[in-house]
Amino acid sequence: MAGAASGGGAERDGEGSEEQQKRSEIYTYEAPWHIYAMNWSVRRDKKYRLAIASLLEQLPNRVEIVQLDDSTGEIRSDPNLSFEHPYPPTKAMFVPDRECLRPDLLATSADFLRIWRINDDSTGVEQKALLNGNRNSEFCGPLTSFDWNEAEPRRVGTSSIDTTCTIWDIDREAVDTQLIAHDKEVYDIAWGGVGVFASVSADGSVRVFDLRDKEHSTIIYESSDPPDTPLVRLGWNKQDPRYMATIIMDSPKVVVLDIRYPTFPVVELQRHQASVNAIAWAPHSSCHICTAGDDSQALIWDLSSMGSGAGGGSGAVQQAAAAASAEGGLDPILAYTAGAEIEQLQWSSTQPDWVAIAFSSKLQILRV
């Protein structure tokens, strides 16, 4: 990855022979609509497969499943696997099932949590479940996000504008737990283990919950500049659950936290020139993170100075953070410039050399 450090966007808009094009570093797919939700498939038998969903100001929206054919370098949509979706999905996510032990499932969040089954035959995609977390009404507060538990794939956690987080058992199609998580809308949720999840909210806090003790949550960060500025996204480090990152609404800054030392960010990443919209930790490395935003940039950062500090306790972490701020902050090791504001970013867990970004109506997959 560090070897790609020199590869800024300008040098990576692959020119060259047809052969080079085939082994391109960048593949582009143009959708017939503006893309918002996007996610990589995890199954090892479906390499280079992604789901993308539309952002249309009308009730019917679309979800497409696309696949890169690496022999031709073309990303193609399978018309059999394109389907209508009510409202624009706020998130789409494939079941975290690398070994293909479960049916091929895709979940989406919007007015409800929907589970879709993808069939390889001509029957296409069918809705398997429609899950409404509001027991007292046929309506549900719109869902802002959700996360599928990798360690226990029957569990999906959703976050809602009604201040709640709901943990679903999708095998039973039933609510496991529902709790009022924040004082205002909950904007994102992320699992940090089997029974531990965190959420961020319009109240400006990051809170961690343990399902063994549902009465209590731990506030590990509150936005301070100005106080109570909403936090909109949360990424939990896949390799080292001590670390997570969050995005402040309309801010070019990404805050990296160590849950053992609440309230003080380990480091703040401050090289974006406009609001950050998306964060993705590397699936295979505890110290790399990708961020993307309205400056049309996707930046990859190496936080290993933070990681080496972590072994030495809080003092070393604080020293690493202090050193970074003394030098004017950390610089990214790789920058890629897209053709418009990047709204979505996903790092492939099965193909860790590849990151996908979505901007306007384009999906791009980039080799990092």
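Considering only residues that are open to solvent by less than 40 Å² (accessible area, probe 1.4 Å) and assigned to a loop (DSSP other than H, G, I, E, B), look in segment 353-368 and name the one that is modelled with the highest pLDDT. Only one residue fits best here, namely 361. Scanning segment 88-122 for residues that are among the basic types (Lys, Arg), within 21 Å of the chain's Cα centre (by Cα) and in a strand (DSSP E or B) returns 91, 114.
Whenever a residue of segment 60-78 is at pLDDT below 95, its partners that are assigned to a loop (DSSP other than H, G, I, E, B) and surrounded by fewer than 16 Cβ atoms within 10 Å (Cβ to Cβ), lying with C-beta atoms within less than 9 angstrom and at least six residues away or across chains, give the pairs 70/23; 70/47; 73/23.
Kindly indicate the residue of segment 105-132 that is open to solvent by 30 Å² or more (accessible area, probe 1.4 Å) and of a type in the set (Lys, Arg) and also nearest to residue 161 (Cα to Cα) among those meeting that condition. So the residue we want is 128.
To keep it simple, each residue is scored yes or no on (1) under 20 Å from the mean Cα position of the chain (by Cα); (2) within 13 Å of residue 158 (Cα to Cα).
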{"residue": "178", "(1), (2)": "no, yes"}
{"residue": "183", "(1), (2)": "no, no"}
{"residue": "192", "(1), (2)": "yes, no"}
{"residue": "196", "(1), (2)": "yes, no"}
{"residue": "199", "(1), (2)": "yes, yes"}
{"residue": "202", "(1), (2)": "yes, no"}
{"residue": "206", "(1), (2)": "yes, no"}
{"residue": "213", "(1), (2)": "no, no"}
{"residue": "219", "(1), (2)": "no, no"}
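Against the definition (touching a Lys or Arg at 6+ places or on another chain (Cβ under 8 Å) and farther than 22 Å from residue 349 by Cα), how does residue 216 come out, yes or no? Against the criterion (touching a Lys or Arg at 6+ places or on another chain (Cβ under 8 Å) and farther than 22 Å from residue 349 by Cα), residue 216 does not qualify.
The set of residues from segment 169-185 being in a loop (DSSP other than H, G, I, E, B) and acidic (Asp, Glu) comprises 171, 173, 183, 185. When residues in segment 234-256 are screened for being farther than 18 Å from residue 159 by Cβ and either hydrophobic (A, V, I, L, M, F, W, C) or open to solvent by less than 10 Å² (accessible area, probe 1.4 Å) (or both), 5 of them pass.
For the structure I just gave you, tell me whether residue 208 is assigned to a strand (DSSP E or B), within 19 Å of residue 260 (Cα to Cα) and touching a Lys or Arg at 6+ places or on another chain (Cβ under 9 Å). So residue 208 fails the test.
Return the only residue of 188, 162 being acidic (Asp, Glu), surrounded by 14 or more Cβ atoms within 10 Å (Cβ to Cβ), out of contact with any helix residue (DSSP H, G or I) (no Cβ under 7 Å at 6 or more places or on another chain) and in a strand (DSSP E or B). Walk me through how you get there before you give the answer.
Values: 162 fails: in a strand (DSSP E or B).
None of the others qualify; the one that does is 188.
Of all residues in segment 282-298, those satisfying the criterion of being farther than 17 Å from residue 365 by Cβ and either at pLDDT below 95 or surrounded by fewer than 24 Cβ atoms within 10 Å (Cβ to Cβ) (or both) are 285, 286, 287, 294, 295. Just one of (1) open to solvent by 10 Å² or more (accessible area, probe 1.4 Å); (2) touching a residue at least 40 places away in the same chain (Cβ under 8 Å) fails for residue 167. It is (1). Taken together, the residues in segment 25-62 that are open to solvent by 60 Å² or more (accessible area, probe 1.4 Å), assigned to a loop (DSSP other than H, G, I, E, B) and of a type in the set (Lys, Arg) amount to 2.
Counting just the residues of segment 257-273 that are assigned to a loop (DSSP other than H, G, I, E, B) and open to solvent by less than 30 Å² (accessible area, probe 1.4 Å), which one comes out nearest to residue 235 (Cα to Cα)? I'd like the intermediate steps shown before the answer.
Step one: list which residues in segment 257-273 are assigned to a loop (DSSP other than H, G, I, E, B), which gives 259-266, 270-273.
Applying the additional criterion that residues be open to solvent by less than 30 Å² (accessible area, probe 1.4 Å) yields 266, 272.
Working: 266: 15, 272: 18 Å.
Per the criteria, the residue is 266.
The values are calculated or read from the model by the stated rules, or taken from the named source; none is laboratory data. On a predicted model such as this, the values are computed, not experimentally measured, just so you know. Methodologically, a virtual Cβ is constructed for each residue, glycine included, from the backbone with ideal geometry; neighbour enumeration extends over all protein chains shown. Ligands, DNA and RNA are excluded from the accessible area calculation, which covers all protein heavy atoms including side chains. Shrake-Rupley method; radii C 1.70, N 1.55, O 1.52, S 1.80 Å.
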